[in-house]
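Okay, so here's the structure we're looking at.
Where a number appears in this text, it was derived from the coordinates with a stated rule and is not lab data. If you're wondering where the values come from, they're calculated on a predicted model, not measured in any experiment. Heads up, the Cβs are rebuilt from the backbone with ideal geometry, glycines too, and the neighbour counts pull from every protein chain shown.
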Amino acid sequence: MNYTAIDFDTRLDTKLLDELYEGDKDHALTVFKGFLGSIHTQLDELDKNFRSGDLVAFRQKIHKIKPIFSFVGLSWLTEKAELIESQCEEQREINSIENSYQEFIKNIEEFIPVIENEIEKLNH
């Protein structure tokens, strides 16, 4: 490694983040800001799909957003999204995945302040 590692929050997947950004704070800042700028819209769309009861559209939206979590060090949320996506393929009713979905949303909301803090750190 010929770069200075970024001091990411230890609640994030720091090993993955170090591999992705190789000390490039500007790149990390761009990606983290992009995540924060789009996550609320993504979650609103996901919630609309869930509330409509459209299991296929919901699964497609989960599939679409799952990689974004890893780019900000929330790789365990990518794994949870994969699990929910699998559950969608196994179930016939969207209500059967409600607990997994609610826990997933709660986890995301808990980590948004962590991402906001990382953006603040990367700005300096």
Item to complete: Counting other Cβ atoms within 10 Å, keep those with at most 15, restrict to DSSP loop, and tell me which GluC sites (Glu not before Pro) in the range 25-110 are left.
Response: E93
Worksheet, complete the sentence: If unit charges are put on Cβ atoms (+1 for Lys and Arg, -1 for Asp and Glu) and the dipole of the chain is taken about its Cα centre, the option from I65, A81, I94 lying farthest towards the positive end turns out to be I94
Worksheet, complete the sentence: Taking T14, T4 and counting other beta carbon atoms within 10 angstrom, the fewest-first order is T4, T14
Item to complete: Please report how many Lys pairs in the chain have alpha carbons closer than 13 angstrom, counting only residues at least 8 apart along the chain or sitting on separate chains.
Response: 6
Discussion item. Just to confirm my numbers, what's the Cα centroid distance between the range 1-36 and the range 58-124 in Å?
Written reply: 19
Worksheet item: Any idea what angle helix 55-70 forms with the longest principal axis of the chain, computed on alpha-carbon atoms, 0 to 90 degrees, nearest 10?
Response: 10
Item to complete: Can you list which of the trypsin sites (Lys or Arg not before Pro) found in the range 46-124 are DSSP loop residues with at most 10 other C-beta atoms within 10 Å?
Response: R92
Fill in: Coil-residue chymotrypsin sites (Phe, Trp or Tyr not before Pro) of the range 1-98, DSSP, other Cβ within 10 Å capped at 11
Y3
